[in-house]
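Below is one structure, written out as structure tokens, with a few remarks after it.
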Amino acid sequence: MKLTLKIWRQKNAQDKGGIVEYPIDGIEPDMSFLEMLDVLNEELINKGEEPVAFDHDCREGICGMCSLFINGEAHGPDRGVTTCQLHMRMFKDGDTIFIEPFRAKAFPVIKDLVVDRSSFDRIQHAGGFISVNTSGNTIDANAIPVPKDDADKSFDAAACIGCGACVATCKNSSAMLFVSAKVSQYALLPQGKVEATDRVLNMVHQMDLEGFGNCTNTGACEVECPKGISLENIARMNREYLAASLKG
Amino acid sequence: MALDSKIPNGPIADKWTNYKDHINLVNPANKRNLDIIVVGTGLAGGSAAATLAELGYNVKAFCFQDSPRRAHSIAAQGGINAAKNYKGDGDSVYRLFYDTVKGGDYRAREANVHRLAEVSANIIDQCVAQGVPLAREYGGLLDNRSFGGTLVSRTFYAQGQTGQQLLLGAYSAMNRQIGRGKIKMYNRHEMLDIVIVNGKARGIIARNLITGEIERHSAHAVVIGSGGYGNVFFLSTNAMGSNATAAWKIHKKGAFFANPCYTQIHPTCIPVSGDHQSKLTLMSESLRNDGRIWVPKKLEDAQAIREGKKKAIDLSEDERDYFLERRYPAFGNLVPRDVASRAAKERCDAGFGVNKTGEAVYLDFAAAIERYGKEAAHVKGLNENDKALVTKLGTDIVKSKYGNLFQMYLKIVDEDPYVTPMMIYPAVHYTMGGTWVDYNLMTTIPGCFSIGESNFSDHGANRLGASALMQGLADGYFVLPYTIGDYLAPDIKMGPISTDLPEFIEAEKAVVDQINKFINNNGKHSVDYFHKKLGKIMWNKVGMARNAKGLTEAIEEIAALREEFYKDVKVPGSANEFNQELEKATRVADFLELGELFAKDALHRNESCGGHFREEYQTEEGEALRDDDNFAYVAAWEYKGKPSDAVLHKEPLNYENIKLVQRSYK
């Protein structure tokens, strides 16, 4: 396949940045999108140019590190996948492909396609945990029975990989889907109920401090989420937040 | 220097308890005066950082990713073992201990493995208390499944994303401590050297990967939890950034490196599709619970399939060779990974491979879909002979068990595994070798500890399924927090360690010099060019099966490639910026040394065991032939300037509780 790539290049956070065009040939349908970028970078290095910086690590759809905005969509045109699982068979010979970083005020660009998503970590520091001593002296695991449906729903929320596609795709750059997934995971389990009030208040407070926008229920986040995290979680978080606010 | 494993005396079942009763403890008020550096924040490093901070130490944690949540432990799929005996099927601490020692082909340290089995049950309790959503039965109790190499159902899991959930559990425990200010987290930082003062590990040199700044960090002890070195093969199931740097740098400063040749080749990976490939994707071993592995019985059928003239479903039962069930009737498709991998290679080498390159076997779910479908139809009172209905019901059940894995396969291969059998082939997965540690998990550098996959101790020559997650969390949550206190007790009055000491300045200078050398080299080839070449040598001559001739050649070829690398590598950009090529260059430099030591270790070990198969040493039936009289030891290598000069030290392995026999899964 022969393609024209239009890639956002930005030397560092201070640089203004802009789109640069790169023609590329010899791309096979079996390649992943990131392997296609590997091929491009190899060519650039051999020509004495600087390769394109992009984040990636596990390349099997689970670490959440890859973060490209491709033709105006987070992780590209395929549904339910991360960028490393996007394959070139989704494109046609002769296509022009725009590749940009995930854009949001709370995700500043580090270089080229690499952004800083540490705001997600700071939201977790504010309450994304259960306060249990890591001593190994906890009660037997089966002494806390959890209905299978609750455990499954909790797992579905916990499956979030923290990639930030929800933020990148939201017109308000809202982090509600991500935060609600974490709140839901614990809200659905008996272990998490004890400190549920503080958790939701603290995490939402930190989310606002980080500069994420509000949720206006457009649902774009759910559509673009590679792990199918459901909007139900946002509804659950709103209920949790309301109850906590009334209590607190 | 003599190796002292510091294994406590006494009966095996009492060793750990007695040991804990007698070690030195640090008073909580004094823990505040002690600093610990943790490098790597996966299951081992993350759980260690959280627990050490919980105890009161000041922890500085480092990871090269943008967040600890992305450590490659997150990709582990199948599960974590624990001797809970919830199923009442005969499991016990002893049986988990026994299975692990046998599975490791009698090359693990008994005392460590027993301790691992003892704390395994606590791990599940701890994780559940932290809110890890492990799979449940309808009654609300925890569910289990079985894994290769065992006859009991002791594996706890969270769909095919167990590593993810356990890692996020450790990450949440870390987050709590980061929020309290007890852990200072350094994301996007890479450790590039260790600093030793008066013979003790007292700090590290790290590079801030965003700014390129070289930083000095001091501590009273350094813990390495940086994972394995499978990326020495270039193609592996490891994440692209997984590297050997931390472990290799401490090796060069005095930590012995043990059993580098023990590599686990995982049997169920998606086969290589072409030269562009950057990594291999594993399909969880749990698939072997329901998937049946086969190749055609007749060579001409295999050829017709490779040429696209026939399909898997065209072959009747009689025309299929379920080779694992045929060769190992007791364990069948659930034989351990090394046995399953070699059996697949043997069939493909004999010409029965089923993909274009002839390097794939089938993993077929048709029988499971039918079996589950019939059962579901029966339960619901529907027609068990309605094939379409049975297929649908069975598919739904298989989907609920392995849905994400099937979807992953479909995305990569572009074939629906519910309809046509998956194609799989072995790939490099986990490294059982690593830095040598004593019972305290301390390396031969005092004050430098190594935990999880980066040490060598618990898996022997082969790792059973669902045992890596167990070891990572056992080391981090429950073992290191005790043993490090014993080491630190004499340091309570020491006060903070200055980073202006000459040892820090010297170590920093060496790091800066190496980086500048790469940046100014201006050679002809990219880093990947050399890494891929190294990978080819490793896979062809130091891979699943090795012989003396190939290994001797590999040692020479790797040394020559290393020379070429330093002469001819091209690293664009500058040192003082975000520079991913520079990161790769420093890592590949280490792999180019480690690969040679790996081959040297494989050449000296004149036997076959677990993940080390020497073609010269096999039984008449093609099984691994150990030599316990001459090789029942840990090979611990001391660095002497270059890999070829490394000096071998031996730690004899004494089996007092388990009799050494030939592993048989027949």
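Quick notes
- Taking only the C-alpha atoms of the stretch A:1-143, Rg followed by Dmax gives 18.9, 63 Å.
- Dipole axis of the stretch B:7-128 (+1 Lys, Arg; -1 Asp, Glu on Cβ), positive-most option in B:106, B:120, B:40: B:40
- Proximity of backbone amide H atoms, modeled 1.01 Å from N, is registered between residue A:213 and A:174, A:175 at under 5 Å, excluding neighbours fewer than 5 places apart on the same chain.
- Residue B:13-residue A:135 pseudo-label distance in nm [points 7 Å out on the Cα-to-Cβ vector]: 2.7 nm
- The Cα-based radius of gyration of the stretch B:1-91, divided by its Kirkwood radius, gives an Rg/Rh of 1.06.
- Pairwise Lys count, the stretch B:154-309 - Cα closer than 25 Å, eight or more residues apart or different chains: 9
- Span per principal axis, largest first, for the Cα atoms of the stretch A:86-171 (Å): 60, 29, 25
- Beta bridges from DSSP with both residues in the protein assembly as shown: antiparallel share about 70 percent, rounded to the nearest 5.
- Residues whose placed amide H lies under 5 Å from that of residue B:226, excluding near-sequence neighbours: B:451, B:454
- Dipole of the protein assembly as shown computed with +1 at Lys/Arg Cβ and -1 at Asp/Glu Cβ about the Cα centre; of B:1, A:74, B:169, farthest Cα towards the positive end is B:169.
- Over every Cα atom in the protein assembly as shown, the radius of gyration and the widest Cα-Cα span, Dmax, amount to 26.2, 81 Å.
- Taking each residue as 0.36 nm, the span from residue B:311 to residue B:215 lengthens on full extension beyond its C-alpha to C-alpha distance by 28.7 nm.
- Per atom type, the protein assembly as shown shows carbon and sulfur on 50% of its accessible surface, probed at 1.4 Å.
- Residues of the stretch B:284-316 with amide N under 14 Å of the 7 Å Cα→Cβ point at residue B:387: B:313-316
- Each residue, residue A:103 and residue B:512, gets one label point 7 Å from its Cα in the Cβ direction; the gap between the two is 4.0 nm.
- On the principal axes of its alpha carbon atoms, the stretch A:1-64 extends 36, 29, 19 Å, with the longest extent given first.
- Cα centroid separation - the stretch B:296-333 against the stretch B:508-569, whole Å: 40 Å
- Among the lysines of the stretch B:561-666, pairs at least eight places apart or on separate chains and with Cα atoms under 22 Å apart come to 10.
- Hydrodynamic radius of the stretch B:440-578 per Kirkwood, over alpha carbon pairs, in Å: 19.6 Å
- In the stretch B:384-512, Rg over Rh equals 1.24, where Rg is the alpha-carbon radius of gyration and Rh the Kirkwood radius from pairwise Cα distances.
- Anisotropy class of the stretch B:289-394 from Cα gyration tensor, a/c 1.5 cut: oblate
- Kirkwood Rh, Cα atoms: Rg over Rh of the stretch B:597-647: 1.05
- Per-q log10 I(q)/I(0), the stretch B:217-356, q = 0.13, 0.17, 0.18 Å⁻¹ (Debye; single scatterer per alpha-carbon; no solvent): -0.73, -1.04, -1.12
- Neighbourhood charge, 13 Å Cβ-Cβ cut-off, centred on residue B:457 and excluding it, Lys, Arg +1 and Asp, Glu -1: -1
- Charge-dipole axis of the protein assembly as shown as Lys and Arg at +1 and Asp and Glu at -1 on Cβ define it, positive-most pick from B:470, A:46, B:487: B:487
- Computed from point charges on the beta carbon alone (+1 for Lys and Arg, -1 for Asp and Glu), the dipole magnitude for the stretch B:363-468 about its Cα centre is near 240 Debye.
- Taking the inverse of the mean reciprocal distance over all distinct Cα pairs, the Kirkwood hydrodynamic radius of the stretch A:109-151 comes to 14.3 Å.
- For the stretch B:279-332, average projected area of the Cα convex hull in nm²: 5.1 nm²
- The magnitude of the dipole of chain B, with charges of +1 and -1 set on the Cβ of Lys/Arg and Asp/Glu and taken from the Cα centre, is near 960 debye.
- Shown for the stretch B:14-54 is the translational diffusion coefficient from the Stokes-Einstein equation, using the Kirkwood radius over Cα pairs, a temperature of 20 °C and a viscosity of 1.002 mPa s: 177 µm²/s.
- Only the Cβ atoms of Lys and Arg (+1) and of Asp and Glu (-1) were treated as charged; on that basis the dipole of the protein assembly as shown about its Cα centre amounts to roughly 1260 debye.
- Whole-number D in µm² s⁻¹ for chain B, Kirkwood Cα-pair radius fed into Stokes-Einstein, 10 °C, 1.306 mPa s: 62 µm²/s
- Separation between Cα centres of the stretch B:365-384 and the stretch B:462-502, rounded to whole Å: 51 Å
- Taken one residue at a time, the phi angles of the stretch B:358-374 give Karplus couplings (6.51, -1.76, 1.60, θ = phi - 60°) of x, 10, 7, 10, 8, 10, 10, 9, 4, 5, 5, 4, 5, 4, 5, x, 5 Hz. Gly and Pro are set to x.
- The percentage of C-alpha pairs in chain A whose separation is greater than 34 Å is 25%.
- Contour excess over end-to-end distance, with Cα ends at residue B:505 and residue B:27 and 0.36 nm allotted per residue: 168.8 nm
- The residues of the stretch B:493-652 have, on average, 43 Å² of accessible surface per residue, using a 1.4 Å probe with all protein chains present.
- Here the simple spin-label model places points 7 Å from the Cα toward Cβ, and for residue B:661 and residue B:330 these points are separated by 0.7 nm.
- List of the stretch A:121-163 residues, accessible area with partners at least 50 Å² below that of the chain alone (1.4 Å probe): A:121, A:125, A:129, A:132, A:134, A:136, A:138, A:141, A:142, A:148, A:155
- Around the amide H of residue B:609, modelled in the peptide plane, lie the amide H atoms of B:614, all under 5 Å away and 5 or more residues distant in sequence or on another chain.
- Listed values for the stretch B:554-561 are Karplus-derived 3J(HN,Hα) couplings in whole Hz (6.51 cos²θ - 1.76 cosθ + 1.60, θ = phi - 60°), namely 4, 4, 5, 5, 5, 4, 5, 5, and x replaces Gly and Pro.
- Residues in the stretch A:153-166 carry Karplus couplings, in order, of 5, 4, 4, 4, 6, 5, 6, 3, 9, x, 7, x, 4, 4 Hz; the curve used is 6.51 cos²θ - 1.76 cosθ + 1.60 with θ = phi - 60°, and Gly or Pro positions show x.
- Calculated FRET efficiency, residue B:400 to residue A:247, Cβ-Cβ distance, R0 = 30 Å: about 0.20 to the nearest 0.05.
- Taking only the C-alpha atoms of the stretch B:153-284, Rg followed by Dmax gives 18.0, 52 Å.
- Inverse mean reciprocal Cα-Cα distance (Kirkwood Rh) of the stretch B:90-137, Å: 12.0 Å
- If the segment from residue A:172 to residue A:232 were pulled out straight at 0.36 nm per residue, it would be longer than the present Cα-Cα gap by 19.7 nm.
- Loop sites in the stretch B:596-647: GluC sites (Glu not before Pro), DSSP, at most 10 other Cβ within 10 Å: B:620, B:621
The values are calculated or read from the model by the stated rules, or taken from the named source; none is laboratory data. Just so we're clear, the structure is a prediction, and the values are computed from it rather than from any experiment. All Cβ positions, glycine included, derive from the backbone under ideal geometry; neighbour counts span all protein chains shown. Side chains included, ligands, DNA and RNA excluded: accessible areas come from the protein's heavy atoms. Shrake-Rupley method; radii C 1.70, N 1.55, O 1.52, S 1.80 Å.
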